[in-house]
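The values are calculated or read from the model by the stated rules, or taken from the named source; none is laboratory data. Since we're looking at a predicted model, the values are computed, not measured. Virtual Cβ from ideal backbone geometry, glycine too; neighbours counted across all protein chains shown.
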Amino acid sequence: MDKVEAKLVLANYTLGPPPENDSRYEEALSVAERCPDLMDWWTRAKEDDSVISGRLQEFAPPPDLRAALEASVENASVWRNRRRRFVRYLALAASFVVFAGIYFEFVVDRSDEYAGPLVDRAFNYSFDGPRLKYFNKDTTKITDWLEAQNFELPGQLPPKFLAQEGIGCRPLNWSESRVAIICVDAEVVYHLFVAKESEFEDVDASDTLEFEPRKAGWTVGKWKSQGHLFVLTAKASQDRLESMLAEYTP
């Protein structure tokens, strides 16, 4: 297991006690113990998530908040007398919303909640950092695992992409039949999304590979083949994405 894969594994264990008898977690931890930068990142991630979780509990809304708000609205004649109390409750409620938003954005796995056009959704999910369900350096085992989860993959996937060292994958509940993400390591992480064409009419894709630059040096490629849509994302130039697909004909 390398540093990239270890970070993806450890990202799932920033809260709560470590898992028992989990060989992948133990291997990832061993990598972190030999890599000071990775251990520093994980230590900070655990501390940050713990603080956010604690703050969220501190700012739980008072049980009589709803009653206070309703009373303040219904009794306009005594608004001035209750204004101070109302403002205090409102501030507490706002604090709760803010911390709840932070908590669910950075701690809870929200992979299935990404919305919008498929290409934008795939890029945003890649940019934020995916949380994978299955890890393996062998891409054949990755595709076998997806099929074992009742995910229908097309008969042909980019051969050069599959020849890279695998990281992992997961199905995403972005459609009725779900969307698959497969990640490989080729100096940077490449993310390949596969979906049913019939379920994403918002994607204007053709049999020809198309690329577009995105923020922070990222590039997105898209195409369709065999009734499926494909989106390839990476923090790399268009030339590097084209090289990854050089031996592939949709």
Practice problem: Please find, within segment 189-214, the residue that is modelled with the highest pLDDT out of those that are under 17 Å from the mean Cα position of the chain (by Cα) and either in a helix (DSSP H, G or I) or β-branched (Val, Ile, Thr) (or both). | Solution: Val194
Quiz item: For segment 180-199, does any single residue satisfy the condition of being out of contact with any helix residue (DSSP H, G or I) (no Cβ under 8 Å at 6 or more places or on another chain), under 16 Å from Lys160 (Cβ atoms) and among the polar types (S, T, N, Q)?
Solution: no
Exercise. Would you point out the residue of segment 203-232, among those that are surrounded by fewer than 21 Cβ atoms within 10 Å (Cβ to Cβ) and among the charged types (D, E, K, R), that is farthest from Tyr248 (Cα to Cα)?
Key: Lys215
Practice problem: Name, by its number, the condition in (1) more than 27 Å from Val4 (Cα to Cα); (2) under 22 Å from the mean Cα position of the chain (by Cα) that does not hold for Ser225. | Solution: (2)
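A quick yes/no check of all residues on (1) without any contact (Cβ under 8 Å) to a residue 60 or more places away in the chain; (2) surrounded by 12 or more Cβ atoms within 10 Å (Cβ to Cβ):
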site	(1), (2)
Glu5	no, yes
Asn12	no, yes
Glu20	yes, no
Glu27	yes, yes
Val31	yes, yes
Leu38	yes, yes
Ser50	yes, yes
Quiz item: How many of the residues in segment 155-174 are assigned to a loop (DSSP other than H, G, I, E, B) and within 18 Å of Leu118 (Cα to Cα)?
Solution: 2
Practice problem: Take Thr249 and decide whether it is assigned by TED's automatic domain parsing to the domain that holds Thr143 and at pLDDT below 95. | Solution: no
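Residues being part of a helix (DSSP H, G or I) and surrounded by fewer than 19 Cβ atoms within 10 Å (Cβ to Cβ): count how many of those fall in segment 128-142.
Adding up the residues that qualify gives 3.
If only one of Phe161, Phe151 is surrounded by fewer than 22 Cβ atoms within 10 Å (Cβ to Cβ), at pLDDT 95 or above and in contact with a strand residue (DSSP E or B) (Cβ under 8 Å, 6 or more places away or on another chain), which one is it?
Working: Phe151 fails: at pLDDT 95 or above.
When all the criteria are applied, what remains is Phe161.
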